[in-house]
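Quick note: the coordinates plus some simple rules give every number you see, no bench work behind them. Quick caveat: nothing in here was measured; it's all calculated off a predicted structure. So basically every Cβ, Gly included, is an ideal-geometry build from the backbone, and we count neighbours across all protein chains shown.
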Amino acid sequence: MFKIILAKNAGFCFGVKRAMSIAKKTAGNSSNKPVYTFGPLIHNPQAVSYLESIGVHSISKLDEVQPGKLIVRSHGLHPQIITAAKEKGFEIIDATCPFVRRTQDFAKTLLKENYEVVVIGEAEHPEVVGIVGHTDGKAVIVENESDIEKLVGREKIGIVTQTTQSMEYFQFLVMKILEIGNEIKIYKTICGATQKRQKATLELAERADIMLIIGGKNSANTTHLAQLSGKTGKPTYHIEKSDEIMPAWLKGKTIIGISAGASTPAYVIKEVISKLESIMEKISDPSGSRLLYKEEVVND
Ligand code: SF4
């Protein structure tokens, strides 16, 4: 007997669903104008291929194409890019997730209030680049403990964080920063969808024999889920699609836990479950019974 359990909160979040819906609508009402996203709309290769198939093209430079409709991705964009796009004649369609927008606004407010603005997150991640851009490039990025050196001597420190940061690491870095400044203002801007996915993944990893975390290898929130799950000591594999599953991983395992990042489409999760079912049917004791159990996916 084996169980395949899907985490309570897995797959597309509110912000990603919203961005995909805006992109589909824009492609459908393009008025024959080309439609672009500056960088991938979301960090999932299958979703980006789908968008390409309906005429939403990801670009990395404004100069490489004729002006058309430019969708600002869910991670937001550096304001200079938006200004440059408008000047070149692009029509801007804003799909920035409202939770990312809120973080950008908090960072701007902290700057106005004369705080040394700190963004806890990955320096190269587009969301972090965008947030720093909203402080005119003045915010300090703290990606790891050694970056905290840059804050020595600062009295007033205002903190925001990348929305997909792991709660545990955010708390660790905040505690270190607390040792430096005298006046510290903290906006805990990790979004609810991220927190729910982290909690559901941890709970599931505790009772599973093996965890598969599905999502883009370039997806920060999926990578954090895989790291969290791995820290429980359970064998954890971060995969993008079903054909990466190795039957050897599943030998002797009874409870298979699945979680997926906020940018993982539902059909990719379904394909993984089908593949697991077919592998487990082959390697399980044929006289034993099979039980497939999926927890309700809330997707919020
Ligand atoms: S993970 Fe959170 S911040 Fe990012 S798009 Fe989803 S809801 Fe928005």
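Just one residue in the set 8, 33 is buried (at least 17 other Cβ atoms within 10 Å of the Cβ), among the charged types (D, E, K, R) and touching a residue at least 24 places away in the same chain (Cβ under 8 Å); that residue is 8.
Among all residues of the range 55-78, there is at least one that is in contact with a helix residue (DSSP H, G or I) (Cβ under 8 Å, 6 or more places away or on another chain), surrounded by 23 or more Cβ atoms within 10 Å (Cβ to Cβ) and among the charged types (D, E, K, R).
To keep it simple, each residue is scored yes or no on (1) touching a residue at least 60 places away in the same chain (Cβ under 8 Å); (2) surrounded by fewer than 20 Cβ atoms within 10 Å (Cβ to Cβ); (3) within 26 Å of residue 37 (Cβ to Cβ).
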| position | (1), (2), (3) |
| --- | --- |
| 128 | no, no, yes |
| 132 | no, no, yes |
| 140 | no, yes, no |
| 148 | no, yes, no |
| 155 | no, yes, no |
| 158 | no, no, no |
| 165 | no, no, yes |
| 182 | no, yes, no |
| 198 | no, no, no |
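Can you pull out every residue in the range 205-264 that is part of a loop (DSSP other than H, G, I, E, B), more than 22 Å from residue 75 (Cα to Cα) and hydroxyl-bearing (Ser, Thr, Tyr)? 232, 254, listed by residue number. Checking each residue in the range 36-55 for being small (Gly, Ala, Ser) and either without any contact (Cβ under 8 Å) to a residue 24 or more places away in the chain or away from the ligand (no atom under 16 Å from the Cβ) (or both) picks out 49, 53, 55.
Based on this model, can you work out whether residue 24 counts as within 20 Å of residue 97 (Cβ to Cβ) and either more than 16 Å from the ligand (Cβ to nearest atom) or surrounded by fewer than 21 Cβ atoms within 10 Å (Cβ to Cβ) (or both)? The answer is yes for residue 24.
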